[in-house]
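The values are calculated or read from the model by the stated rules, or taken from the named source; none is laboratory data. Quick caveat, the model's predicted, so the values are computed rather than measured. Quick reminder, even Gly has a Cβ in these numbers, built from the backbone with ideal geometry, and neighbours come from all protein chains shown.
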Amino acid sequence: MAKRTHLPRGAPGDGTEKSPEDPPFAGAGAPPPQVTAASLPEARIPDWLVRFIAEIAAGTPPACLLDPFAGAGGLLAPLDARLGPERAVGICESEAQAGRARRLFPESAAVWKVGGTVPPGTADLVATCLPADAAGAPFPASEAVRLLAVSAAALTAEGMVIALVPCDPDMPGTGPALLAGCSAAGLAIDAVLGIGGGVLLVARKRLQGPILVGEIIPDQGHMDILRTNIRLSREGKDPRLGVREAPDAFSSVAETLLLAAVTRHAADAGCRPVALSSVAAEIGTAGEDGESGNAVYFVPGRPVATAPPAGGAAGAVRVSLDPDRASAAYVVRHFATRAGRTELALARVRAKAFGWEAAVAGMPVCLPPREIQNRVLAVRSTLSHLASRIEALEGDLWDHPFGWESIAKEAGVFLQGETIDAWIESLPFPLASILWAYRAEPDPVRRTDHLFHFFEALAEFHAIIMASALFPLCAGRTGRLLDEDPYFRDAYRFATFRAWIVLARRLAQVTRGLLGSRERRNEVLRLYHGADPRFLAMLTSRRLFAVLDTVADERNAWKAHGGIVSSKDAENRLCDLEASLADIRRMIGTHYADAALLVPGAAVYHDGVFAVAAEELAGSHMVFRSVQVESTVPMDTGRLYLLFAGRQTPLELLPFVRLAAGEHAGMRAFYFYNRLEKDDVRWVCYHPGGDADLVSPDPGVRESLEALGLLDGEAP
């Protein structure tokens with residue numbers, strides 16, 4: 001005879017209880033370890049579970065209670081004490097086992113027999129723990145199914161079987177296995193309840209009808225409701241409290257409960273669940289490289305992302321979404337919601353039988369139409385800004401408690417209706433001016449272009465700040481900042497969006513490494529001329545680079561298609577970029593409020609300090625505020641500087657940005673380095689009012705590129 005397995009985990013104090021707040025079948029995944037009677041002869045069924053079984057069977061006190069696999073009596077003796085049947089019989093494997101049961105339960109009136117059977121049709125209640133062939137087996141053992149038929153033979157016509165069945169309650173296919181076993185035994189299943197290491201099966205001799213599927217947890221209120229729902233064959237408000245399932249649709253406890261939860265989430269959201277494959281253009285294994293475009297990545301054990309896993313990841317699945325049906329920005333955020341987490345839990349359960357890619361493709365998702373997704377992302381953008389401003393105000397309040405009054409006034413104005421415009425005005429002019437053009441432009445195609453310009457300018461501006469600070473460390477160290485990819489080896493002679501991202505990411509890695517070193521942390525703070533560590537955390541944020549990568553992938557994917565863009569496609573693309581803008585805005589927040597971008601003018605030197613008249617390049621308009629700053633170092637009027645609040649040592653920026661008058665427009669505009677053209681430098685302007693590009697000599701640009709080793713083969 002196979003070894004008995006005592007199934008239940010989750011007894012109070014064993015550390016495995018599930019919180020009532022957990023999502024339905026939150027434990028769906030790896031089957032828990034099992035405790036066998038062989039390894040723990042004195043093991044008993046937890047009292048809370050015995051009480052639950054007794055309450056299910058308490059409708060009519062049984063005349064005869066039978067446990068055909070009684071082991072050491074851990075289930076039969078406490079049930080006998082609770083139910084008080086006229087007769088209780090336990091069938092043991094050996095005399096030694098029967099003797100152990102008698103010693104453990106000396107006051108029990110149960111009869112402990114070795115082997116043999118009970119005459120057919122004499123037991124009102126069969127309550128037992130069926131044996132398992134092996135610990136952790138996913139399906140009910142063939143021996144368990146055979147012995148279930150033996151148990152059923154002893155039942156009266158109105159009798160009931162309550163059996164703990166060892167199996168994996170998550171595994172798809174356990175339902176049909178249970179149904180087949182019960183059908184062969186002449187039983188119909190009333191209920192199947194998931195429990196750690198197996199299921200609790202309630203069955204009778206009757207025609208098979210709907211099955212009540214639920215989950216048992218050691219909570220008396222939960223068990224009381226579940227017991228009532230089993231008796232009345234009704235569904236619970238929470239799927240764990242009972243879901244009526246058609247027998248031919250019953251695959252596993254976890255699938256039934258999670259599918260019911262998905263359906264209820266969809267109803268709450270006003271959506272209809274659809275298979276993820278129905279909103280996808282293509283689904284396949286994610287490679288290490290490649291452009292993501294409007295795509296999301298599913299990696300087992302990781303959050304859903306819009307960027308491919310760094311260095312690849314085993315089992316990663318790439319889902320390219322149909323742009324008319326779904327936005328990657330919306331889908332990623334959706335999977336952080338309770339509905340999305342439930343859908344992913346269902347995919348993990350199905351992956352055990354069908355593989356991860358098939359489970360992801362068939363996963364039901366609760367997505368509204370694309371137009372609604374766009375509107376949700378727009379509102380999220382506003383909320384993101386509100387959240388970052390509230391967070392900044394609260395930080396200021398605690399940092400400057402005596403400034404409470406001014407902070408209260410700012411909060412009052414803010415709460416009356418502050419918008420993205422206020423955040424734009426807090427940015428340095430080279431970034432704010434591009435966003436002003438985006439806000440002023442009604443045409444979605446041109447608005448998309450302005451946003452692409454903003455993201456590229458942001459990548460370059462951040463790379464320039466970090467390169468300027470780390471220049472003393474990086475100058476002359478050939479090739480250290482170059483990417484291994486040959487495409488990027490000479491990319492800075494003709495700089496591209498992707499090249500700036502690569503450079504900024506490498507400089508960020510250097511910065512984070514220095515900040516993480518106890519010996520060199522102060523050194524890097526000196527190199528950044530006293531920048532606030534929170535500013536540096538924003539500047540070097542991995543999440544920020546992930547967003548920029550996504551935008552670069554989208555631009556490459558969209559430009560590769562070419563042709564005329566329909567108004568609907570233009571709106572969808574704009575919505576995707578605005579979602580990325582919301583992410584960037586949340587990360588940048590108000591960190592630039594304490595970093596002034598300056599154009600120095602005349603200075604007066606006194607007592608070791610320069611009093612410098614300067615223009616602060618902040619906000620979106622060309623009329624700059626005149627300020628006077630103090631500096632302990634002379635400032636070149638032909639250069640731009642970043643001065644952090646409370647500091648007197650401005651950071652001189654490398655000559656890759658400049659404020660200059662255009663040849664045609666005649667007015668000053670802000671220009672970014674674009675490429676080398678023989679002995680000249682080509683600059684581009686992203687905001688209205690300046691020349692689109694400007695070509696002029698500037699030997700300092702080539703010298704800086706060479707010193708940083710960014711011109712392949714030309715570094716000293």
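Here is how the numbers come out for the structure above:
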{"item": "Candidates THR256, THR285 - the one that is crowded, with 17+ Cβ neighbours inside 10 Å and hydroxyl-bearing (Ser, Thr, Tyr)", "result": "THR256"}
{"item": "Matching residues, region 514-571, being over 30 Å from ILE372 (Cα atoms) and of a type in the set (Gly, Ala, Ser)", "result": "GLY516, SER517, GLY530, ALA531, ALA537, SER541"}
{"item": "Where a residue in region 238-250 is within 10 Å of VAL213 (Cβ to Cβ) and its partner, wherever it lies, is assigned to a helix (DSSP H, G or I), with Cβ under 6 Å and at least six apart", "result": "PRO239/LEU257; PRO239/ALA260; PRO239/ALA261; GLY242/ASN229; VAL243/THR256; VAL243/ALA260; GLU245/THR256; PHE250/GLY175"}
{"item": "Only listed residue being within 46 Å of the chain's Cα centre (by Cα), among the hydrophobic types (A, V, I, L, M, F, W, C) and farther than 30 Å from GLU394 by Cβ, chosen from VAL623, VAL627", "result": "VAL623"}
{"item": "Total residues in region 144-167, condition crowded, with 24+ Cβ neighbours inside 10 Å and assigned to a loop (DSSP other than H, G, I, E, B)", "result": "1"}
{"item": "Candidate set: region 180-201, residues that are within 23 Å of GLU158 (Cβ to Cβ) and surrounded by fewer than 20 Cβ atoms within 10 Å (Cβ to Cβ); chosen: the one modelled with the lowest pLDDT", "result": "ALA184"}
{"item": "Residue selected from region 333-343 under the condition touching a helix residue (DSSP H, G or I) at 6+ places or on another chain (Cβ under 9 Å) and assigned to a helix (DSSP H, G or I), by the criterion nearest to ALA359 (Cα to Cα)", "result": "GLU343"}
{"item": "Hey, ARG447 part of a helix (DSSP H, G or I), under 30 Å from ASP553 (Cβ atoms), touching a Leu at 6+ places or on another chain (Cβ under 9 Å) and not hydrophobic (A, V, I, L, M, F, W, C) or not", "result": "yes"}
{"item": "Residue in region 569-604 that is farthest from ARG447 (Cα to Cα), counting only those that are out of contact with any strand residue (DSSP E or B) (no Cβ under 6 Å at 6 or more places or on another chain) and small (Gly, Ala, Ser)", "result": "ALA593"}
{"item": "Residues located in region 676-686, provided they are at negative phi and surrounded by fewer than 22 Cβ atoms within 10 Å (Cβ to Cβ)", "result": "LEU676, GLU677, ASP679, ASP680, ARG682, VAL684"}
{"item": "Conditions (1) in a loop (DSSP other than H, G, I, E, B); (2) under 22 Å from ALA152 (Cβ atoms); (3) in contact with a helix residue (DSSP H, G or I) (Cβ under 6 Å, 6 or more places away or on another chain); number of the one not met by ASP170", "result": "(2)"}
{"item": "Flag for HIS664 being within 26 Å of THR496 (Cβ to Cβ) and either surrounded by fewer than 19 Cβ atoms within 10 Å (Cβ to Cβ) or at pLDDT below 90 (or both)", "result": "yes"}
{"item": "Strands (runs of 3 or more DSSP E) contained in region 593-708 and holding at least 3 residues free of Cβ contacts under 8 Å to residues at least 60 places away in the same chain", "result": "595-606, 609-616, 625-631, 657-661, 668-677, 680-684, 693-697"}
{"item": "Condition check for PHE670: under 20 Å from ALA495 (Cα atoms) and in contact with a Pro (Cβ under 6 Å, 6 or more places away or on another chain)", "result": "yes"}
{"item": "Selected residue (criterion: surrounded by the fewest Cβ atoms within 10 Å (Cβ to Cβ)) from residues of region 288-312 that are modelled with pLDDT under 85 and touching a Pro at 6+ places or on another chain (Cβ under 8 Å)", "result": "ASP289"}
{"item": "Residues located in region 401-444, provided they are at pLDDT below 80, among the hydroxyl-bearing types (Ser, Thr, Tyr) and in a helix (DSSP H, G or I)", "result": "SER406"}
{"item": "Flag if VAL319 is within 18 Å of SER277 (Cβ to Cβ), in contact with a strand residue (DSSP E or B) (Cβ under 8 Å, 6 or more places away or on another chain) and crowded, with 20+ Cβ neighbours inside 10 Å", "result": "yes"}
{"item": "Residue within region 199-218 that is of a type in the set (A, V, I, L, M), free of Cβ contacts under 8 Å to residues at least 40 places away in the same chain and assigned to a helix (DSSP H, G or I) present", "result": "no"}
{"item": "Qualifying residue in region 598-614 (condition: within 39 Å of the chain's Cα centre (by Cα) and at pLDDT 95 or above)", "result": "no"}
{"item": "Qualifying positions in region 47-82 - in a helix (DSSP H, G or I), among the aliphatic types (A, V, I, L, M) and within 23 Å of VAL150 (Cα to Cα)", "result": "VAL50, ILE53, ALA54, ILE56, ALA57, LEU76, ALA77, LEU79"}
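One line per residue, one yes/no per condition, for (1) on the phi < 0 side of the Ramachandran plot; (2) in contact with a strand residue (DSSP E or B) (Cβ under 6 Å, 6 or more places away or on another chain); (3) crowded, with 17+ Cβ neighbours inside 10 Å; (4) not β-branched (Val, Ile, Thr):
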| residue | (1), (2), (3), (4) |
| --- | --- |
| ALA351 | yes, no, yes, yes |
| PHE354 | yes, no, no, yes |
| GLU357 | yes, yes, yes, yes |
| ARG370 | yes, no, yes, yes |
| GLN373 | yes, no, yes, yes |
| THR382 | yes, no, no, no |
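So that you can scan it fast, the table gives a plain yes or no per residue for (1) touching a residue at least 60 places away in the same chain (Cβ under 8 Å); (2) farther than 30 Å from ASP168 by Cβ; (3) in contact with an Asp or Glu (Cβ under 7 Å, 6 or more places away or on another chain):
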{"residue": "PRO309", "(1), (2), (3)": "no, no, no"}
{"residue": "ALA314", "(1), (2), (3)": "no, no, no"}
{"residue": "VAL317", "(1), (2), (3)": "no, no, yes"}
{"residue": "SER320", "(1), (2), (3)": "no, yes, yes"}
{"residue": "ASP324", "(1), (2), (3)": "yes, yes, no"}
{"residue": "PHE354", "(1), (2), (3)": "yes, no, no"}
{"residue": "ALA359", "(1), (2), (3)": "no, no, no"}
